[in-house]
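K.L.:
Just passing along the structure, written as structure tokens.
The values are calculated or read from the model by the stated rules, or taken from the named source; none is laboratory data. Note that the structure is predicted; figures quoted are calculated from it, not measured. For neighbour counting, all protein chains shown are included, and Cβ atoms are generated from backbone atoms with ideal geometry for every residue, glycine included. Ligands, DNA and RNA are stripped out before the accessible areas are found, and what is left, the full protein with its side chains, is counted by its heavy atoms. Shrake-Rupley method; radii C 1.70, N 1.55, O 1.52, S 1.80 Å.
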Amino acid sequence: MSYYTFEDFYKNTVELSFTDHPYSLTPKHVWVICRFKGQWLLTEHPRRGIEFPGGKVEKGESAEKAAVREVFEETGATVDALTYLAQYRVKGKGGTIIKNVYFATIEKIKIKAHYYETNGPILMKQLPESIKNNDKFSFMMKDEVLQRSMEYIFKNKILQL
Ligand code: GTP
């Protein structure tokens, strides 16, 4: 199955599809599941908590460029290879957002004095089982987007352990 619909942490409806840009060819948001030397690379957002890096696509920028830029700004990491996985649409109270999900392998991580909007990189050998009830994690990590993306990554051998 390549299409899922569910409610997010805030009870907004999410549509997630593992097909090529089903909702927009020019999505305004990106989210990047990052892997560095056998570990997951995440970032700590000062308010939301731990999450995979991502953010908004700037004017005149491609979604891929935004993905690479956001990973560097939020974690200091340089993307080696970027693979498109899926796109999702969230219908919230304030409007609809459309986000591309990528998988990235990381070449190197530069330790910086300051990180744009975050407290910097977090490396994890394994993601905890119970992220949903874990206050340290961001709401973005608490709906089916993460779970389905992980299933897709392993099923399609985008990452082999
Ligand atoms: P700024 O970054 O400060 O401009 O904040 P914002 O809250 O306006 O951000 P944004 O436009 O990124 O998101 C608007 C709303 O969309 C959020 O408050 C969430 O409800 C929702 N949203 C954004 N990203 C995600 C996501 O990855 N997953 C889910 N489920 N909802 C999201």
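K.L.:
Filtering region 45-56 down to residues that are charged (D, E, K, R) and open to solvent by 10 Å² or more (accessible area, probe 1.4 Å), which residue is farthest from Asp135 (Cα to Cα)?
P.N.:
Lys56
K.L.:
Only residues that are more than 12 Å from the ligand (Cβ to nearest atom) and either within 29 Å of Gly120 (Cβ to Cβ) or touching a strand residue (DSSP E or B) at 6+ places or on another chain (Cβ under 8 Å) (or both): list them for region 6-32, please.
P.N.:
Ser17, Phe18, Thr19, Asp20, His21, Pro22, Tyr23, Ser24
K.L.:
I need the full set of residues from region 30-44 which are closer than 19 Å to Asp143 by Cα and surrounded by fewer than 21 Cβ atoms within 10 Å (Cβ to Cβ), in order please.
P.N.:
Trp40, Glu44
K.L.:
When region 77-123 is examined, which residues are found to be open to solvent by 40 Å² or more (accessible area, probe 1.4 Å), among the β-branched types (Val, Ile, Thr), within 16 Å of the ligand (Cβ to nearest atom) and touching a helix residue (DSSP H, G or I) at 6+ places or on another chain (Cβ under 9 Å)?
P.N.:
none
K.L.:
Looking at region 133-161 only, could you name the residues that are open to solvent by less than 80 Å² (accessible area, probe 1.4 Å), of a type in the set (A, V, I, L, M, F, W, C) and part of a loop (DSSP other than H, G, I, E, B)?
P.N.:
Ile158, Leu159, listed by residue number.
K.L.:
Being farther than 18 Å from Thr19 by Cβ and either touching a His at 6+ places or on another chain (Cβ under 9 Å) or not charged (D, E, K, R) (or both) is the filter here, so list the residues in region 97-112 that pass it.
P.N.:
Of everything in region 97-112, those that are farther than 18 Å from Thr19 by Cβ and either touching a His at 6+ places or on another chain (Cβ under 9 Å) or not charged (D, E, K, R) (or both) turn out to be Ile97, Ala104, Thr105, Ile106, Ile109, Ile111.
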